[in-house]
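Notes follow once the structure below has been shown.
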Amino acid sequence: MTFNRTPIHITEAVARVIKNTSKTEVETVRYLDSYGKYLAEDLYANDDLPMFNKSAMDGFAIRAEDSKDASGENRKSFKVVEEVPAGTTSDYELQKNEAFRIMTGAEIPTSADAVVMFEQAKEDGNTFTVRKTFNPSDNIALKGEEVKSGDLIVPKGTLINPGVIANLATFGHSTVKVHRTPRVAILSTGSELVDVDQPVERGKIRNSNTPMIVSQLKRIGIRAEVHTFKTDQLDVIIPIFERMLKEVDVIITTGGVSVGDYDLLPKVYEHFQAEVLFNKVAMRPGSVTTVAKLKDTLLFGLSGNPSACYSGFELFVRPSVRYMMGGNDIYAPLIPATLEEDFTKPNPFTRFIRAEVRYTGSEVFVSPSGFNKSNAVTSIARSNGVIVLPSGSRGFKTGDAVHVMLTDVTSGVTKFLINEDF
């Protein structure tokens, strides 16, 4: 039952969300439109790379055997017989002590097997001398040395970044399969909310949660549909939910998830007989965070307090949405850091503290970014991470080792994991 609130561990809460998240369908898009999405298929090389032996330097292509025994006292002389710019080649057969003048990226003619950098040669008109012995393949990028045709280049589930775009172009993939971008709606409820350009009357507050979530979604490539309702009337909210459930994959609400007389979202979930995955998490701030599922639509009920709302999005919404998009690396990185400021408050639940993270070149340091109650908003602006303090701890001192979640890193190589020890 919705009002029965038994807190569950943060690890279990995250696991329940991902278990109940489905990937969106696969679609084909132009490769230049795929940035920020996730590959829905493995990307294989359809050619060797390089596709041919090519010069890695500007210089002279020679037969390596003609430079044998060259030294400062025994310079070997070569005659330039032809020039080979990038994009061209030559079928001329080099004779003894002949050379091509060749540019970086140009195909190595079959009769040459080494390249002398310009800096390694002493030029005199159409001749040059060298004072060292060159070996076959010196300064040559060999065919297939990077990848062979048929090799796996980028696995399915990889975030498409500029490097992936470059690989798509390199191997001639003008289109690519990706998962459809999830459709997300944000519903802000509360008669106390006013818009950013409105005066604040007594007892009212400006709506900061909605624009914050809009920005958090943009950070992972999602543009949301926004609805704001300055009412706490159930009969007004229900029809809006009915329409949204037909159109979107995710509905995010802020506020209204507690058990006060005007907190209506639990009643909304009951009205639709939604499956409530959890309605209380052993975390601070944001313990009232609620996640429910109705058919294939996930309903994220985040706290109305800004800091709690921010943390709830990063912990639950972000990995879920990235999983929908087919991502393998869906969690924000969690890294070790050294605490630079005392935090003596006991932690009966896992605590998430907005933080300023700095890197000295050899060590990562972190400190709370300011006022850290759940209703704080100014500290979020100065934060680039979140300190994770384990439950059951009785406070931390300067110099203690902690973990920090890098919320401003959109893609990480470290899997987000909160151990049972936290």
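The values are calculated or read from the model by the stated rules, or taken from the named source; none is laboratory data. Computed from a predicted structure; not experimentally measured. Neighbour counts run over all protein chains shown; Cβ positions are idealised from the backbone, glycine included. Only protein heavy atoms, including side chains, enter the accessible area calculation; ligands, DNA and RNA are left aside. Shrake-Rupley method; radii C 1.70, N 1.55, O 1.52, S 1.80 Å.
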Which residues does a label at Thr170 reach in region 41-61, if reach means a backbone N under 16 Å from a point 7 Å past the Cα toward the Cβ?
-> 43-56
So between Lys345 and Val364, what do we pick up on full extension, going 0.36 nm a residue minus the alpha carbon distance?
-> 4.6 nm
How many nm separate the modelled label positions at Ser22 and Lys68, each set 7 Å beyond the Cα in the direction of the Cβ?
-> 7.1
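Stretch Lys267-Leu294 to full length: gain in nm at 0.36 nm per residue minus the Cα-Cα span? Walk me through the numbers on the way to the answer.
Values: separation 27, 0.36 × 27 = 9.72 nm, distance 1.40 nm.
Full extension of this stretch gives 8.3 nm more.
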Alpha carbon centroid spacing (whole Å) that separates region 286-307 from region 17-88 | 48
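Note the full-extension length gain between Lys132 and Asp408 as 0.36 nm times their separation in residues minus their Cα-Cα distance, in nm to one decimal. Numbers along the way, then the final one.
Details: separation 276, 0.36 × 276 = 99.36 nm, distance 5.18 nm.
My answer for the length gained is 94.2 nm.
Can you order the peptides 167-179, 103-115 by their average number of other Cβ atoms within 10 Å per residue, highest first?
Details: 167-179: 16.5, 103-115: 20.1.
Put in order of decreasing packing, that is 103-115, 167-179.
With the full set of protein chains in place, find how many percent of the accessible area of the chain is carbon and sulfur; take the probe as 1.4 Å. Before the final figure, lay out the partial values.
Numbers: 9790 of 20240 Å².
Roughly 48 percent, rounded to a whole number.
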Expressed as an acute angle from 0 to 90° and rounded to the nearest 10, what is the orientation of the C-alpha long axis of helix 234-247 relative to the principal long axis of the chain?
-> 20
Dipole of region 37-178, positive end: most advanced residue of Phe118, Val84, Leu94 [Cβ charges, Cα centre] = Phe118
The answer for the chain, accessible area per residue at 1.4 Å probe in Å², is 48
With Cα coordinates, the longest principal axis of the chain makes an angle with the long axis of helix 209-219, in degrees rounded to 10, of 20
Taking a label point 7 Å from the Cα of Tyr92 along Cα-to-Cβ, the residues of region 48-76 whose backbone nitrogen sits under 16 Å from it are 59-63
Scan (1) 22.2, 67; (2) 30.4, 97; (3) 23.7, 74 for the value of Rg and Dmax of the Cα atoms in Å calculated from this model and give just the label.
-> (2)
Would you work out if region 92-140 is rounded, prolate or oblate? Take a ≥ b ≥ c from the square roots of the eigenvalues of the alpha-carbon gyration tensor; rounded if a/c is under 1.5, else prolate when a/b is larger than b/c, oblate otherwise.
-> rounded
In nm, to one decimal, how far is the Thr104 label point from the Asp151 one, both placed 7 Å along Cα→Cβ?
-> 2.1
